[in-house]
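What follows is a single structure, written as structure tokens, with notes after it.
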Amino acid sequence: MIELSQKANEISALTRRLLTTGGYKSFSYADIADVIQIRKASIHHHFPSKADLIRTVVIQYREEALAGMSALDQQLNDPVAEIKAYVDYWSRCIKDGSSPFCICMMLAVELPSLPDEVATEVKGHFQDLSDWLTSLLQKGQNKGIFRLTDTPSVEAKSFMATVHGAMLAARAFNNAALFQQITQPVLSRLLATDLR
């Protein structure tokens, strides 16, 4: 886990909000300095380059996501409940505006132009999420809970794309309820017929 000073954490938190709304190229150190009321040189002291800053933010994001997945595994230990909890998490974040968009999704759009060290972390997040969803779908399939039409790995990536696409649609239409309208039918299709 990355340990940061209080000021570095403040910079990181603001950067995360800026990434959520506009992506990598939407802000500069000057924008951060204006909001936090520090000099750009002070930001460079904590994060020598923008790539260092964004990489740190994505690493923190990955750590939080992995901790969340692990907590769901330990607390629920039920593939259906865990996948529903994952979807419900994003639904709540979109509704209350606390985290209306996955920063790695935003950065994935810019992947070809991102610095390598940032791109590696973004790809790592999607691999982490895909691996977790794959394991849940595999467990559910083995228990006869999920009805899959393809391999768990392909189904996991399809489900992940649906969730992220639903985030995009909710934003594009400025309609938080649209997220659930898109994801719920997909969840229902995953469930084996006799468990619906």
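Return the whole-Å distance between the Cα centroid of the stretch 7-77 and the Cα centroid of the stretch 79-145.
For the stretch 7-77 versus the stretch 79-145, the Cα centre distance is 18 Å.
Any idea what the dipole of the chain comes to, in debye rounded to 20, about its Cα centre with Lys/Arg Cβ at +1 and Asp/Glu Cβ at -1?
420
May I ask which residue of A85, L178, L111 lies farthest towards the positive end of the charge dipole of the stretch 58-195, with charges of +1 (Lys, Arg) and -1 (Asp, Glu) on Cβ and the Cα centre as origin?
L178
Find, among the trypsin sites (Lys or Arg not before Pro) in the stretch 1-74, those assigned to loop by DSSP (not H, G, I, E, B) with at most 13 other beta-carbon atoms within 10 angstrom.
R39
When the helix-only estimate is applied to the chain (DSSP H runs of n ≥ 4, each -39,500 (n - 2.57), divided by the residue count), what is the mean residue ellipticity at 222 nm, nearest 500 deg cm²/dmol?
The per-residue figure over the chain is -24500 deg cm²/dmol.
Once you have the Cα-Cα distance between V186 and A13, take 0.36 nm times their residue separation minus that, and quote the gain in nm to one decimal.
Separation in residues times 0.36 nm, less the Cα-Cα distance, equals 59.0 nm.
Provide, as a two-decimal number, the C-alpha radius of gyration of the chain over 2.2 N^0.38 Å, N being how many residues it has.
1.12
Kindly provide the chymotrypsin sites (Phe, Trp or Tyr not before Pro) of the stretch 104-177 that DSSP labels as loop, not H, G, I, E or B, and whose Cβ sees at most 12 other Cβ atoms within 10 Å.
F173
Tell me which GluC sites (Glu not before Pro) from the stretch 104-196 have a DSSP coil assignment and no more than 16 other beta carbons within 10 Å of their own.
For GluC sites (Glu not before Pro) across the stretch 104-196 that sit outside H, G, I, E and B with at most 16 neighbouring Cβ atoms in 10 Å, the list reads E110.
Could you tell me the number of lysine pairs in the chain with C-alpha atoms less than 19 Å from each other, where the two lysines are 8 or more residues apart or belong to different chains?
Summing the qualifying lysine pairs gives 13.
Applying 1/(1 + (r/R0)^6) with R0 = 41 Å to the Cβ-Cβ distance of S70 and K25, what FRET efficiency is obtained, to the nearest 0.05?
0.80
Laboratory data are not the source of any read-out in this text; all were calculated from the coordinates shown. Bear in mind that the values here come from a model prediction, so they are computed numbers and not experimental data. So basically every Cβ, Gly included, is an ideal-geometry build from the backbone, and we count neighbours across all protein chains shown.
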